[in-house]
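K.L.:
I'd like to ask some things about the structure below.
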């Protein structure tokens with residue numbers, strides 16, 4: 001259990017927050033990846049990335065997880081698709097700690113929007129929050145110049161205390177990667193793998209800053 005979370009990057013505006021969390025591993029990232037994650041957006045200046053998700057997939061078990069988690073803010077996309085246009089807004093909200101990531105999928109039938117917030121807890125550990133206090137603790141590291149986030153534990157936070165959730169109740173271990181492709185482009189990939197149910201979600205696509 002952990003104490004109440006603090007603002008991701010601190011009150012000075014968040015410069016170098018991820019760099020501090022990663023330590024020496026930060027310097028193993030590609031310079032373009034460092035540049036994208038070195039500064040947080042300003043309150044009145046959100047950052048927009050646009051691209052195409054070449055593949056959006058969920059298994060039958062993943063679809064069930066997506067239906068259940070609609071109660072806490074739709075953090076999981078139940079749809080499947082190929083070459084799905086997508087926008088990602090990085091937003092700083094007045095009076096709220098962390099950076100909000102708003103991902104908009106433009107499926108043919110209707111758009112689907114997922115919003116989460118990344119911020120540190122009181123121990124300086126990186127966490128990602130969805131709705132009603134649910135979230136996951138993340139480990140960030142570099143591999144071959146790419147930035148990786150891997151979930152270590154899902155939790156429910158009540159009154160600033162994080163209560164660990166059983167692994168089997170989650171959609172699986174989450175692994176997100178950000179790989180620079182040159183010319184301002186990067187590949188974003190997310191995979192979720194459950195110990196019993198196998199791969200529940202997989203998405204990959206190429207993006208650029210708008």
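K.L.:
Of the conditions (1) buried (at least 19 other Cβ atoms within 10 Å of the Cβ); (2) in contact (Cβ under 8 Å) with a residue 40 or more places away in the chain, residue 42 fails just one. Which one is it?
P.N.:
Among (1) buried (at least 19 other Cβ atoms within 10 Å of the Cβ); (2) in contact (Cβ under 8 Å) with a residue 40 or more places away in the chain, the lone unmet condition for residue 42 is (1).
K.L.:
Of all residues in the range 157-175, count the ones that are touching a residue at least 24 places away in the same chain (Cβ under 8 Å), assigned to a strand (DSSP E or B) and surrounded by 14 or more Cβ atoms within 10 Å (Cβ to Cβ).
P.N.:
4
K.L.:
Output the residues belonging to the range 23-39 that are surrounded by 13 or more Cβ atoms within 10 Å (Cβ to Cβ), in a helix (DSSP H, G or I) and free of Cβ contacts under 8 Å to residues at least 60 places away in the same chain. Spell out how you get there, then give the answer.
P.N.:
Of the residues in the range 23-39, the ones surrounded by 13 or more Cβ atoms within 10 Å (Cβ to Cβ) are 25-26, 28-30, 32-34, 36-39.
Add one more test, that the residue is in a helix (DSSP H, G or I), and what stays is 25-26, 28, 32-34, 36-37.
Within the range 23-39, just 34 meets the criteria.
K.L.:
Could I ask something else about it? Regarding the range 187-194, can at least one residue be identified that is closer than 24 Å to residue 51 by Cβ, crowded, with 17+ Cβ neighbours inside 10 Å and touching a helix residue (DSSP H, G or I) at 6+ places or on another chain (Cβ under 8 Å)?
P.N.:
Within the range 187-194, one or more residues are closer than 24 Å to residue 51 by Cβ, crowded, with 17+ Cβ neighbours inside 10 Å and touching a helix residue (DSSP H, G or I) at 6+ places or on another chain (Cβ under 8 Å).
K.L.:
Quick check: is even one residue across the range 176-189 in contact with a strand residue (DSSP E or B) (Cβ under 7 Å, 6 or more places away or on another chain), more than 22 Å from residue 73 (Cα to Cα) and part of a loop (DSSP other than H, G, I, E, B)?
P.N.:
Yes - at least one qualifying residue is present in the range 176-189.
K.L.:
Something else now. Take the range 92-119 and flag every residue that is more than 13 Å from the chain's Cα centre (by Cα) and either more than 18 Å from residue 51 (Cα to Cα) or in contact (Cβ under 8 Å) with a residue 60 or more places away in the chain (or both).
P.N.:
Hits for the range 92-119 are 92, 93, 94, 95, 96, 97, 109.
K.L.:
Scanning for something within 18 Å of residue 27 (Cα to Cα) and in contact (Cβ under 8 Å) with a residue 12 or more places away in the chain, does the range 130-139 turn up at least one residue?
P.N.:
Yes: one or more hits.
K.L.:
Report those strands (runs of 3 or more DSSP E) wholly inside the range 56-151 carrying at least 3 residues which are over 21 Å from residue 185 (Cβ atoms).
P.N.:
On the way: elements: 81-91, 99-106, 111-120, 126-129, 134-143.
It comes to 111-120, 126-129, 134-143.
K.L.:
So residue 204 passes all but one of these: (1) modelled with pLDDT of 95 or more; (2) outside any strand (DSSP E or B). Which condition number does it fail?
P.N.:
(2)
K.L.:
Say whether the condition of being in contact with a strand residue (DSSP E or B) (Cβ under 9 Å, 6 or more places away or on another chain), modelled with pLDDT of 95 or more and on the phi > 0 side of the Ramachandran plot is met by at least one residue in the range 141-161.
P.N.:
Yes: the range 141-161 contains one or more residues that are in contact with a strand residue (DSSP E or B) (Cβ under 9 Å, 6 or more places away or on another chain), modelled with pLDDT of 95 or more and on the phi > 0 side of the Ramachandran plot.
The values are calculated or read from the model by the stated rules, or taken from the named source; none is laboratory data. None of these values were measured; they are calculated from a predicted model. With ideal geometry, Cβ positions are generated from the backbone for all residues, glycine too; neighbour counts draw on all protein chains shown.
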